Amino acid sequence: MQIELFKISKRPRTYIAFAAITAIAFIFQFAFKADGQSYMDLVLQSVKDSFELEKAKAINGYFMCYIILNTLLIQVPILVALIAADSISGEANMGTLRLLISKPISRTQLILVKFAAATIFTILLLLWMAITALVISLLIFGADDMLIFRVKGEDSQILQITKDDILWRYFAAFGYATVALTVIAALSLFLSIFAENSIGPIIATVCIVIVCTIISNINVPIIDKNVKPFLFTSYLVGWKGFFYIGTNGEGVPIKGSLENWPSIRNSLLILILHIAVIVTASVLVFRKKDILS
Amino acid sequence: MKKLFLILLCFSIKPVSAQDAEALVKKVKEKIDLVNNYEADGIMKTNVTFLKVPEAQVKIYFKKPNLLKIKNEKGISFVPKGAVSINLNNIIGGDQYSIIDAGYEKTGTVKTRVVKLLPKDDNADVVLSTLYIDETNLVIIKAKTTTRENGSYQLDMTFGKYTAYCLPDKIVFTFNIKDYKLPKGVTFDFDDGTNADKPAEKNKTGKAEISFNSYTINKGVSDSFFK
């Protein structure tokens, strides 16, 4: 395991992911510091005649982190694929795979260690995201109540979460995101078994994620019913469920509550099932594979 | 002869009644004028279909003639723009309106005098204000205002400790709202399977309820609060 982590840390592409996250977070923070009111004006355009809101207070560290995560968690699967898709194919490309399997460890152990290393990389990436998107944003913008702008069915909604009820939601959301991105890591690892260089599995992973994401976002009833439930991309944004606060009959948010915990739990279980199936398939395929390089 | 007498009687009653209404409004106005400024603590509850916001502890600052600010010092609040009308000076301040007596009506358990105010200025935003005045305590219990640009709104007030100053313990402000629509492409939402509110539950009015805990009256309020 240590060797695998050492290998990952020695690859320059590892740091591309961290640099990309830093750059995106910084650009958002700079843009919102300079002119965040324009964004607020955009999302509140249909109610600006009816309500007054202290927009400067609304653009705070918690809100910024949500905005950054909204954008980043769509691109981060690509960054995860950059590393995880190199796991086996990278060894094959360098001609070290045969040498590696001649060591006194089983092929199953080798795949599991590779998967564990990719998972640790994913966790580190998310930790870095938490530092740049949440901690730095809180330092720059301060803490206050958080507004969530959301489309629910045909309606748009604004949810407000008080500042003392937010942090645990971020911990939970980052935990969920770890599981979601681990599916991508597992998929990349699986595809890397079939390739002799890492470009193929990286591109294949990215293509699968893009195609499935597009299908997940098409609002066609027949696809909604028969296809979406089976696509892992339908559950990637499930972390947002932790910010959909439950409300009482009068529409007043209930502190510490979630609107639909069973749905989040089921999404989480489906993602874990994906991981289990893909990793098992990786082990089975790799055990039977002829290693020629 | 009898008919002529009745017609003359009708014409003679109306001016007397209007005069009474004018005197009543004047008395209420004098009472409201006792307050030059105040600072109040209260709890604001907003009931709007698309807004899921918690109860807010707010501070309300008022300064004559028409400066009013509602601030949530512990968080964020959506304050209805028409809420400035909780300052009754905005409704009965000045004398640029005609007063019409509309008789009596029961508002809750209180018998109230209904008075309509018609602005003299044809271009004024307010088209009509209807006041329901408790003649015993000289306070406005309900006020309905119809505007040219901003729809209609209604104030329902409950009085208690501060009746002497015409300051309510509780105000329910009902106002017209437009549908809230997020611009497309702003969010990538998680479909958690919960259904949106049924159209039948939707209404085009919103409510903001402020329960006042305490007032500090005529002790001075800095202009900085209204910026």
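We did not get these values from a lab; they are worked out from the coordinates using the rules stated. If you're wondering where the values come from, they're calculated on a predicted model, not measured in any experiment. Glycine also receives a Cβ, built like all others from the backbone with ideal geometry; neighbour counts cover every protein chain displayed.
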- Stokes-Einstein D for region A:2-288 (4 °C, 1.567 mPa s, Kirkwood Rh from Cα pairs), in µm²/s, comes to 63 µm²/s
- Tally Lys and Arg at +1 and Asp and Glu at -1 over the other residues with C-beta under 12 Å from the C-beta of B:S222: what net charge comes out? +2
- Query: So what are the ³J(HN,Hα) numbers for region A:197-206, from phi and the Karplus equation (6.51, -1.76, 1.60; θ = phi - 60°), rounded to whole Hz, Gly and Pro as x?
  - Reply: 9, 7, 4, x, x, 5, 5, 4, 4, 4
- Item | aspartates and glutamates whose Cα lies under 14 Å from that of B:K120, excluding same-chain neighbours fewer than 8 positions away | B:D95
- Sparse-neighbourhood loop sites, trypsin sites (Lys or Arg not before Pro) in region B:49-113 - DSSP loop, at most 15 other Cβ within 10 angstrom: B:K74
- Task: Would you pull out the residues with amide H under 5 Å of B:L128's amide H, same chain only if 5 or more places away, H placed 1.01 Å from N?
- Result: B:T146
- Note on the structure: Shielding of A:262-270 by other chains, given as the mean Cβ count within 10 Å, works out to 2
- Message: Bins of 20 Å, beginning at zero and ending with the bin holding the largest distance: percent of Cα pairs per bin for the protein assembly as shown, please.
- Response: 19, 39, 24, 13, 5, 1, 0
- Check the straight Cα-Cα distances from A:K33 and name the aspartates and glutamates below 19 Å, setting aside those fewer than 8 residues away within the same chain. A:D41, A:E54, A:D144, A:D145
- Item | Zone of B:E149's modelled label, taken as backbone nitrogen in region B:90-126 under 16 Å from a point 7 Å along Cα→Cβ | B:122-126
- Partner lysines for A:K114 [C-alpha distance under 28 Å; skip if fewer than 8 residues away on the same chain]: A:K7, A:K10, A:K103, A:K288, A:K289
- What order do you get for B:31-42, A:56-67, B:121-132 when each peptide is scored by the mean count of other beta carbon atoms within 10 Å, highest first? A:56-67, B:31-42, B:121-132
- Message: For A:D145, what residues show an amide H to amide H distance below 5 Å, using hydrogens built from the backbone and excluding near sequence neighbours?
- Response: A:K163, B:I76
- When B:V139, B:V221 are ordered from fewest to most other Cβ atoms inside 10 Å of their Cβ, what list results? B:V221, B:V139
- Around B:K170, what is the net charge, scoring Lys/Arg as +1 and Asp/Glu as -1 over all other residues with Cβ under 9 Å from its Cβ? -3
